[in-house]
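For reference, the structure discussed in these notes is given below.
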Amino acid sequence: MTVSTLARTLFVNGEFEPAASGDTLPVIDPATGSTIGAISAGGAHDVDRAVRGATAAFEGEWGRLGAADRGRLLARFSATIAQHAERLAQIESLDTGKPISQARADLAATVRYFEYYAGGADKLHGDTIPYLPGFAVQVLRVPVGVTGHIIPWNYPTQMFARSLAPSLAVGNATVIKPSEDASQSIVELAKLASEAGFPAGAINVVTGLGETAGDALARHPGVDVLGFTGSPEVGTLVQAAAAQHHARCILELGGKSAQIVFADADLDAAVPAIVRAIVQNGGQTCSAGSRVLIEASAFERVTERLAAAFALLRVGLPSTDPDVGPLINGAQFARVRGYVDRAKRDAVAVLARSARPDDLPAGGFYVEPMLFGPVHERHELACEEVFGPVLSALGFADERDAIRLANATQYGLVAGVWTENGSRQTRVSRALRVGQVFINCYGAGGGIELPFGGFRKSGHGRGKGFAAMHEFSTLQTITQKFA
Ligand code: NAD
């Protein structure tokens, strides 16, 4: 598998181009640490051209397309991606280091996003309101115009689809800035969008650094709504930049999601799901279940089962399809190692650690999964997003204590509740300050139909489901006086 070396990775107005500056950025293989290609380092000038291209598309052919035709185009794009799914999965695995079967699952979800929103395009409608006698009032649900999208490196094709598909379904034109660490598959998707028949300017891609291309997109006055997925720190910067021109922001930030295990839980179902939720994509998942809260009477029994499962995990090269591949880059590797080293310094007990083969490439960013516990509720491992395969176990006394602990971080993205008691399932779920709760399951296979987003530091606005089409559209009220 090869990646782009010519660095004509900007897709503006239907054409692939280099950055106006001619600058490029290296593409690093996370499995070996070596440079394997280059992408264009777009800047403010490139972003401006992309936004102008999107504006022209919205005011032109794309903007005039009927809802059913938009839906057909999204369906064609979905089918085109499906035809190229294996090639895209190989590119994704090489570019991000994710195990190949996990990249294949990402592509299946990407296809499904466009399929789902293809069906939504002609089903989003407005309302009429009974007003004064002699007046007719229509409330239309209309596109906002141009939407900007800044996405992270952890699930590039899924993030592209999750962010763009609902916006395109509604009729907006789009500009996306992928992560500088994972742009390859996005550039390929742009090619396929042309092949599927999207008019020039409906989808624009500006590759480049966050502080240049990303910042320019967030600041651009031609962007009407900005969708950002990434870290809370950058989310703050992006929201402040967008506020300068009063653009609404949808922020999907991180999490410190809790898996709450009561003593009556079915551990045969819970243990594999809890392990998967922290090692999938090397723990680099916003909804990773990175805290397991265990009823005190079952703490040893549950952690022993978890430790046995951790011992079986395989770390390896992405192409060999291990459970865990390398992390994305050196900075992420250092960040995760930092948390592990400080936990050891603070004498937090290591309950389990997966084996790390000796023959992995020395330059690769490999971290073996680890289970720490009991972790004090105020230790950084219990409060902060590690974004690596590191699970923290905490004990709780009773149901009230479990809810208190689950809500005790600044985040509020996802939670899992594991108990056979039906009333407790509902009581606990409703007391949790998170955007999604799973009962006796977790993650539920992508859940494209299910509104997703955070409370507090995990962000605001909702992706997925019909909720995302509401986010990328707005209401227009037309009042008519008739005789
Ligand atoms: P990041 O915030 O560093 O980068 C995200 C994107 O923002 C990248 O495209 C980057 O280039 C861009 N960016 C960086 N600085 C910028 C700036 N000053 N202005 C504009 N754009 C800028 O995040 P990351 O390291 O790529 O991803 C990891 C984070 O993303 C984690 O915190 C994770 O939890 C979060 N995440 C959240 C979700 C969710 O849906 N809630 C999904 C995936 C990832």
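The values are calculated or read from the model by the stated rules, or taken from the named source; none is laboratory data. On a predicted model such as this, the values are computed, not experimentally measured, just so you know. Using ideal geometry, Cβ is built from the backbone for each residue, glycine included, and neighbour counts are taken over all protein chains shown. With ligands, DNA and RNA removed, areas are computed over all heavy atoms of the protein, side chains included. Shrake-Rupley method; radii C 1.70, N 1.55, O 1.52, S 1.80 Å.
Pop a pseudo-label 7 angstrom from the Cα along the beta-carbon direction at both residue 441 and residue 353 and give the gap in nm to one decimal.
For residue 441 paired with residue 353, the spin-label model returns 3.7 nm.
Quick check: from the Cα gyration tensor, does the chain come out rounded (a/c under 1.5), prolate or oblate?
Judged from the Cα gyration tensor, the chain comes out oblate (a/c at least 1.5, b/c at or above a/b).
Can you compute the FRET efficiency between residue 308 and residue 34 using 1/(1 + (r/R0)^6), with r the Cβ-Cβ distance and R0 = 41 Å? Round to the nearest 0.05.
0.70
Put +1 on the Cβ of every Lys and Arg and -1 on every Asp and Glu Cβ in the chain; which of 35, 455, 386 then has its Cα farthest towards the positive end of the dipole?
455
Express the accessible area of the chain per residue in Å², computed with a 1.4 Å probe while the remaining protein chains stay in the model.
39
How high is the FRET efficiency from residue 64 to residue 319, r the C-beta distance, R0 41 Å, rounded to 0.05?
Efficiency, from the Cβ-Cβ distance: 0.35.
What length, rounded to one decimal in nm, is gained on full extension from residue 127 through to residue 21, with 0.36 nm per residue of separation minus their alpha-carbon distance?
33.3 nm
Considering only protein heavy atoms, with the full assembly of protein chains and a 1.4 angstrom probe, order 149, 125 by accessible area, largest first.
Largest accessible area first, the list is 125, 149.
Taking θ = phi - 60°, what integer Hz values does the Karplus form 6.51 cos²θ - 1.76 cosθ + 1.60 yield along the range 415-421, in sequence order, with x for Gly and Pro?
For the range 415-421, the Karplus-derived couplings read 8, x, 10, 10, 7, 8, 7 Hz, x marking Gly and Pro.
At a Förster distance of 22 Å, what's the computed FRET efficiency of residue 401 paired with residue 426, Cβ-Cβ distance as r, to 0.05?
That gives a FRET efficiency of 0.75.
Whenever you get a sec, line up 344, 481, 457 from highest to lowest accessible area (probe 1.4 Å, protein heavy atoms).
Largest accessible area first, the residues go 481, 344, 457.
Explain nothing, just compute: Karplus ³J(HN,Hα) = 6.51 cos²θ - 1.76 cosθ + 1.60, θ = phi - 60°, for every residue of the range 349-355 in order, whole Hz, x for Gly and Pro.
5, 8, 8, 7, 8, 6, 6
Show 87, 162, 427 ordered by accessible area, largest first, where the area counts protein heavy atoms only and the probe is 1.4 Å.
Per-residue accessible area, sorted high to low, gives 427, 87, 162.
As a test question: what accessible area, to the nearest 10 Å², does residue 177 have when a 1.4 Å probe is rolled over all protein chains in place?
10
Using a ≥ b ≥ c from the Cα gyration tensor of the range 1-90 (square roots of the eigenvalues), is it rounded, prolate or oblate, where a/c under 1.5 gives rounded and otherwise the larger of a/b and b/c decides, a/b for prolate?
oblate
So if I place +1 on the C-beta of Lys and Arg and -1 on the C-beta of Asp and Glu, and nothing else carries charge, what would the dipole magnitude of the chain be about its Cα centre? I want it in debye, nearest 20.
So the dipole magnitude of the chain works out to roughly 940 debye.
Taking a label point 7 Å from the Cα of residue 301 along the Cα→Cβ vector, which residues of the range 411-438 have an amide N closer than 16 Å to it?
Once the point is set 7 Å along Cα→Cβ of residue 301, 418-421 turn out to lie under 16 Å by backbone N, inside the range 411-438.
Please list the non-local residues whose amide H lies under 5 Å from the amide H of residue 396, H modeled 1.01 Å from N, same-chain partners needing a gap of 5 or more.
The list, which skips near neighbours in sequence, is 294, 295, 296.
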